[in-house]
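*Asks:* I'd like to ask some things about the structure below.
The values are calculated or read from the model by the stated rules, or taken from the named source; none is laboratory data. Quick caveat, the model's predicted, so the values are computed rather than measured. FYI the Cβ positions are ideal-geometry reconstructions off the backbone, even for glycines, and counts take in every protein chain you see. Areas reflect the complete protein model, heavy atoms only, side chains present, ligands, DNA and RNA absent. Shrake-Rupley method; radii C 1.70, N 1.55, O 1.52, S 1.80 Å.
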Amino acid sequence: MDNSDNRRKKIRLVATGGTIASQAKSRVSTEGYASSVIKVEDLIDQLPELAEIADVTAEQIFLKPSSAITEEDLFNLSGRVNELLASDDCDGVVITHGTDTMEETAFFLNLTVNSDKPVVVTGAMRPAHVISSDGTLNLYNAVIVAASDKSRGMGVTIAMNDIIISARDAIKFSTFKVEAYQAPLYGVLGTVRNGVVDYCYRPVKRHTTTSMFKGEKRQLPRVEVLYMYEGCSDDLFDAAVATGCKGIVTAGTGNGGTTMSMMKRYRAEDGSDKDLPIVVRSARVPTGGVSDPFRTPGQRMIGSGDLNPQKAYILLRFALSVTDDPEEIKKIFMEY
Ligand code: ASP
C-alpha cells in the first residue's frame, strides 16, 4: 500500500493517551468521558486491518490526557522516537496523543527528532466506542501515512480527519469538531483517502534532520506566555519578569500588539531594556502571523513570524538554550 520499494514496513505505535484512549459513558455521549484509560493493546485489537498495511507493534510510553504532559515526558518521548528510528527494525512511528496539546508535542518532535523517517501524530475528538468515533479511522490512516515512502523527509506530521498537516503549521481550531486540526495559513501537505496517501506540498523550514536542536536532551530556560487584551495592565508582565524568566511570549492583539508601556520599554534607544527578558510577540489572532515593521537591530522584542503563541513558546525556549542574542533568536524564528 503506497510503498514504492514494495518492502513490508515495520511501524511502531507509541501511545500516550488522549480522547482516542478514552471511555465514554454511553455510545451517544461524546463529552465528560473517562480520559486516557484504554491501553494501546486494546486500541489495536479493534483494528485487525493494520496487519494488511505493515508489521505494527505498539508500546505505551505513558497514559495521560495531553494537558498533563510534562517537559520530562516530551524529552522521554523524543528520546524514544529517536531510539526507535535509529534502528533498521523501524521504518516509521505513529504517536497517539490527546488533541489539546498535540500541536505542541508534534512541534517539539519536529525540532528534536533526528531522522527523516515518518513520524505521524494522531488522536481523536470522540472517545472510543461511541457512534461515529473518529479514532479508529484516524489511527488506521496514520499507520498508512507512516508506512508510505512518500512521507519520508516531511518532518513530523499530524494526520487526522483525512488530512496530513505539518507539525509546524497545525493548529487546534475547534474544541469539538472532528475537523479540529487545520493549517489556516499555509494549508495541508496532503491527504489520505481510501488508503491512498497524496502529498501536494513539502515543508521547507528547518525540521528534524536539519534542526539544530535534534538529538540530545537539553536544559530549556523558563519562558512565560502572556495574553494581551483591551485594557491589559502591566501587572502580569511585571510578575513574569519577577520570576526571573529568560523570555516572554505575548499572545498579542492584531499584528502582535502588547501594552503601550511594554512597547515603550523595549523600543527605548538608551539600552535600558538590556536586562529585560527577550519578548517574542505572537498573536491571539489565529492566522497571519506577526511581522516586525518597527524593529531595529538589537531590540529585545521580536515578531514571532507566523508561529502561534504555544509554538513560539517552544521555539523560544530552544533558542534561548543556545543564545541570548536577539539577532540570533530573530534568525531562528525566521528559519524554523
Ligand atoms: N482531553 C483530551 C486530551 O488529552 C482531548 C483530546 O484528546 O481530544 O487532549
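*Asks:* Give me the distance in nm between label points sitting 7 Å out from Cα along the Cα-to-Cβ direction at Cys245 and Glu83, one decimal.
*Replies:* Those two pseudo-labels are separated by 3.2 nm.
*Asks:* Rounded to the nearest percent, how much of the accessible area of segment 235-310 (1.4 Å probe, protein heavy atoms only) is carbon and sulfur?
*Replies:* Answer for segment 235-310: carbon and sulfur cover 57 percent of the accessible area.
*Asks:* Check Val322: other-chain or 5+ apart residues with amide H under 5 Å from its amide H, H built from backbone geometry?
*Replies:* none
*Asks:* Please give the calculated 222 nm ellipticity per residue for the chain, where each DSSP H segment of at least 4 residues contributes -39500 (n - 2.57) and the sum is spread over every residue; nearest 500 deg cm²/dmol?
*Replies:* Theoretical 222 nm ellipticity from helices: -7500 deg cm²/dmol.
*Asks:* With a 1.4 Å probe and every protein chain left in place, work out the accessible area per residue of the chain in Å², rounded to a whole number.
*Replies:* About 44 Å² of surface per residue is accessible.
*Asks:* Further question on the same structure: Net charge around Thr191, counting only other residues with Cβ within less than 10 Å of its Cβ (Lys, Arg = +1; Asp, Glu = -1)?
*Replies:* So the surrounding residues net to -1.
*Asks:* Just flag the trypsin sites (Lys or Arg not before Pro) in segment 24-102 sitting in loop per DSSP whose Cβ has no more than 16 other Cβ atoms within 10 Å. Show your work: numbers first, answer last.
*Replies:* Details: sites: Lys25, Arg27, Lys39, Arg80; in loops: Lys25, Arg27, Lys39.
For trypsin sites (Lys or Arg not before Pro) across segment 24-102 that sit outside H, G, I, E and B with at most 16 neighbouring Cβ atoms in 10 Å, the list reads Lys25, Arg27, Lys39.
*Asks:* Given a cut-off of under 8 Å on Cα pairs at least six residues apart, what relative contact order in percent is computed for the chain?
*Replies:* Relative CO of the chain lands at 14 percent.
*Asks:* Tell me which residues come under 5 Å, amide H to amide H, from Ala128 once H is placed; ignore anything under 5 positions away on its chain.
*Replies:* Hits under the 5 Å cutoff: Ser22, Ala24.
*Asks:* Work through the residues other than Phe176 whose Cβ is under 13 Å from its Cβ and net out their charges, Lys, Arg +1 and Asp, Glu -1.
*Replies:* -1
*Asks:* Within the set of other residues whose C-beta is less than 15 Å from the C-beta of Tyr229, count the net charge using Lys and Arg as +1 and Asp and Glu as -1. Don't skip to the end; give the middle numbers.
*Replies:* On the way: positive: Arg281, Arg284; negative: Glu230, Asp234, Asp235.
Summing Lys and Arg as +1 and Asp and Glu as -1 gives -1.
*Asks:* Farthest toward the dipole's positive end in segment 206-247, which of Leu236, Val223, Phe213, given Cβ charges of +1 (Lys, Arg) and -1 (Asp, Glu) about the Cα centre?
*Replies:* Checked the options; the winner is Phe213.
*Asks:* Okay, moving on. Which residue fluctuates the most in the chain, going by a Gaussian network model with Cα springs under 10 Å, if the choices are Ser272, Ser115, Ser36?
*Replies:* Ser272
*Asks:* Are there GluC sites (Glu not before Pro) in segment 52-125 that DSSP marks as loop and that have at most 12 other Cβ atoms within 10 Å, and which are they?
*Replies:* Filter output for segment 52-125: empty list.
*Asks:* Round to a whole angstrom and tell me the spacing of the C-alpha centers of segment 1-66 and segment 92-155.
*Replies:* Going from one Cα centre to the other spans 10 Å.
*Asks:* Now for a separate question. Under a 10 Å cutoff between Cα atoms, tell me which one of Gly215, Gly271, Gly92 has the largest fluctuation in the Gaussian network model of the chain.
*Replies:* Of the options given, Gly271 has the highest mean-square fluctuation.
*Asks:* For a test of the definition: using alpha carbon positions, the gyration tensor, and the 1.5 limit on a/c, classify segment 19-102 as rounded, prolate or oblate.
*Replies:* Because a/c hits 1.5 or more and a/b fails to exceed b/c, segment 19-102 counts as oblate.
*Asks:* Now for a separate question. Return the whole-Å distance between the Cα centroid of segment 251-306 and the Cα centroid of segment 160-217.
*Replies:* Their Cα centres are 28 Å away from one another.
*Asks:* Of the peptides 291-297, 94-100, how do they stack up when ordered by the mean number of other Cβ atoms within 10 Å, highest first?
*Replies:* So the order, starting with the most tightly packed, is 94-100, 291-297.
*Asks:* Where is the GNM fluctuation largest for the chain (alpha-carbon springs, 10 angstrom cutoff): Leu137, Leu47, Leu85?
*Replies:* Taking springs between Cα atoms under 10 Å, the residue moving most is Leu47.
*Asks:* Moving on to the next point. Please list, ordered by chain and number, the residues whose modelled amide H lies under 5 Å from the amide H of Ser115; skip anything fewer than 5 residues away on the same chain.
*Replies:* It is Thr209, by chain and number.
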